[in-house]
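Each reported figure results from applying straightforward, stated rules to the coordinates on display, with no laboratory input. What you are looking at is a predicted structure, and each value in this text was computed from that prediction instead of being measured. All Cβ positions, glycine included, derive from the backbone under ideal geometry; neighbour counts span all protein chains shown.
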Amino acid sequence: MLVFLDSSVICTDFYMRGTYFDLLKKVDTIVLSEVVIAEVKNKHQEMINENLRNMNKSISTLDRLLSNPVQADTENLLIQEQEAYSDFIEMFLIESGMTIAEPYPEIEHEQIVERALQRKKPFKSDGKNGYRDYLVWRSFLDMAKRLSMEEVCFITLNKKDFSDEKDEKKFHPDLLVELNEAGISVDRVHYWISLKDYVEGIVKPQLSQNEEKQEFADSLLSNKEGFSQPLETLIFEQLVGLDLSDYDVTIWGENSTISTVDEIYCIEIEKASNVSDTECLLEIHLDIVCSIESYLLKSELAAIGEKGLGDSQVINSDWNDHYVLLGTDTSLKIEIDVIYNIEQKVFSTFELSDVSDYNCIYCPYD
């Protein structure tokens, strides 16, 4: 399977270090286009710049408290990271077997303008935005048409511009029309709206299951130095500071993040699959006790009162002119996917699959 990735997917994990990317690289061939690479490089630079600005603000605040100011060469750091990421992309293309990226599509500007004026996807309803998305789509079409004997897959997180409004897991009808006009059979073209969904639906079923899962899981969990302790350390590192806005966690306020992980318990290996002779994919469920910080409008706090906050408490009533800082101690359910090297006794990759709480009245929790 040739898997064409939109920039929205790569921007979730720029260096493709997570479990889902690792599984994808082991099973299928990742295809990148020049348009996607340009977008990803630009987004990578923007995010570095944004984080460096935030870091400089923090350093400036810290400097006022120190006898010797902190020295941070952020300008050279940005240049170094730009070069490092360009080298990474170039090496990835070679290692993936592509050698070079899919080129920009050969399409007349008149055709693009006409499609924008007709408000056809991936252009938005105003006809102004969607130019780069359309170039990405046409790069995919060119690849699918040229490699006519291959099954191809398009993965994006951009459901608004590529998905059918009635069924987000299907291509938009405008895109299906173009596939037909290009003579590309829809039977060999597949569409996924997340890398996670693709891995769950296509990659994992290809892996052989460990026939002695329970015995194998028990042996791993009983190995404190080689498994349990490193796993807990990894979980602490990955969860502290985690933004919960994309997860099913009900907390008063905005911008909720995990500030501390106080306890990890009930670790269960739900599935073990063989990735290679030395590596296995472990799908793990665990529960944690943690503290969550969030920000609540002072006007909203005045309306509900502190008693209405339930388990949340005001820990800074004067965070700024508009918000108070809340703290909430709670338990969360965590689902993770890791690849574990049995011989070296190390975790090769980590992927946070899901985070949820126990507050959903419709969920049958044990």
Semi-axes, largest first, in whole Å: what does sqrt of 5 times each Cα gyration tensor eigenvalue give for segment 59-152? 42, 24, 10
Name the long-range amide H neighbours of Lys271: under 5 Å, sequence gap of 5 or more, or other chain; modelled H, no Pro or chain starts. Glu283
XL table Lys196/Lys333; Lys121/Lys159; Lys41/Lys204; Cα-Cα > 21 Å flagged, in table order, is Lys41/Lys204
Met91 and Val186 label points (each 7 Å along its Cα→Cβ direction) are spaced in nm at 4.2 nm
Beta bridges by DSSP in the chain, antiparallel share as percent, to the nearest 5: 80 percent
In nm, what is the difference between 0.36 nm times the number of residues separating Glu300 and Asn320 and their Cα-Cα distance? 5.8 nm
Given the options Asp243, Asp142, Asp321, state which has the largest fluctuation in a GNM of the chain using a 10 Å cut-off (strictly under) for Cα springs. Asp321
Helix-derived mean residue ellipticity, 222 nm - over the chain, DSSP H n ≥ 4, -39500 (n - 2.57), to 500: -11000 deg cm²/dmol
Would you list the P(r) distribution for segment 177-249, with all Cα-Cα distances sorted into 10 Å bins from 0 and each bin expressed as a whole %? 13, 20, 32, 18, 11, 5
Between beta-carbons, use under 12 Å as the cut-off and find the net charge around Gly253, counting Lys and Arg +1, Asp and Glu -1. -2
At R0 = 35 Å, how high is the FRET efficiency between Gln214 and Leu234 if r is their beta carbon distance? Nearest 0.05 is fine. 0.95
What is the distance in Å between the Cα centres of segment 94-153 and segment 218-264? 39 Å
Environment charge of Leu296, counting only residues whose C-beta is closer than 13 Å and scoring Lys/Arg +1, Asp/Glu -1: -4
Would you mind telling me which residue in Lys169, Lys41, Lys57 has the biggest mean-square fluctuation in a Gaussian network model of the chain, where springs connect alpha carbons within a distance under 10 angstrom? Lys57
Take every DSSP beta bridge whose two residues both sit in segment 2-205, then give the antiparallel share in percent to the nearest 5. 10 percent
Work out how far the C-alpha atoms of the chain reach from end to end along every principal axis, then list the three figures in whole Å, largest first. 62, 56, 51
Hits among aspartates and glutamates - C-alpha to C-alpha of Lys25 under 12 Å, sequence gap 8 or more where chains match: Glu95
May I ask you to evaluate 6.51 cos²θ - 1.76 cosθ + 1.60, the Karplus curve with θ = phi - 60°, for each residue of segment 329-345 and list the ³J(HN,Hα) values in order in whole Hz, giving x for glycine and proline? 9, 8, 10, 10, 8, 10, 10, 10, 10, 10, 9, 10, 8, 5, 6, 7, 6
Spin-label proximity, Leu147 to segment 20-34 - amide N less than 16 Å from point 7 Å beyond Cα toward beta carbon: 24-34
Could you pull out the GluC sites (Glu not before Pro) across segment 273-366 that fall in loop regions by DSSP (anything but H, G, I, E, B) with no more than 12 other Cβ atoms inside 10 Å? Glu343
Once Lys and Arg get +1 and Asp and Glu get -1 on their Cβ, which of Ala272, Tyr295, Ala217 lies farthest toward the positive end of the dipole of segment 196-317? Tyr295
Sparse-neighbourhood loop sites, GluC sites (Glu not before Pro) in segment 161-227 - DSSP loop, at most 16 other Cβ within 10 angstrom: Glu165, Glu168, Glu211, Glu212
What are the radius of gyration and Dmax of segment 2-205, computed over its Cα atoms and given in Å? 19.9, 70
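Sum up the charges of everything whose Cβ sits under 11 Å from the Cβ of Glu351, counting Lys and Arg as +1 and Asp and Glu as -1, but leave Glu351 out.
-4
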Do any trypsin sites (Lys or Arg not before Pro) in segment 86-146 lie in a loop, going by DSSP, with at most 14 other beta-carbon atoms within 10 Å of their beta carbon, and if so which? Arg119, Lys124, Lys128
For Thr349, residues with placed amide H under 5 Å, excluding near neighbours: Ile339
Largest fluctuation, Ile59, Ile267, Ile30 only, Gaussian network model of the chain with Cα springs under 10 angstrom, belongs to Ile59
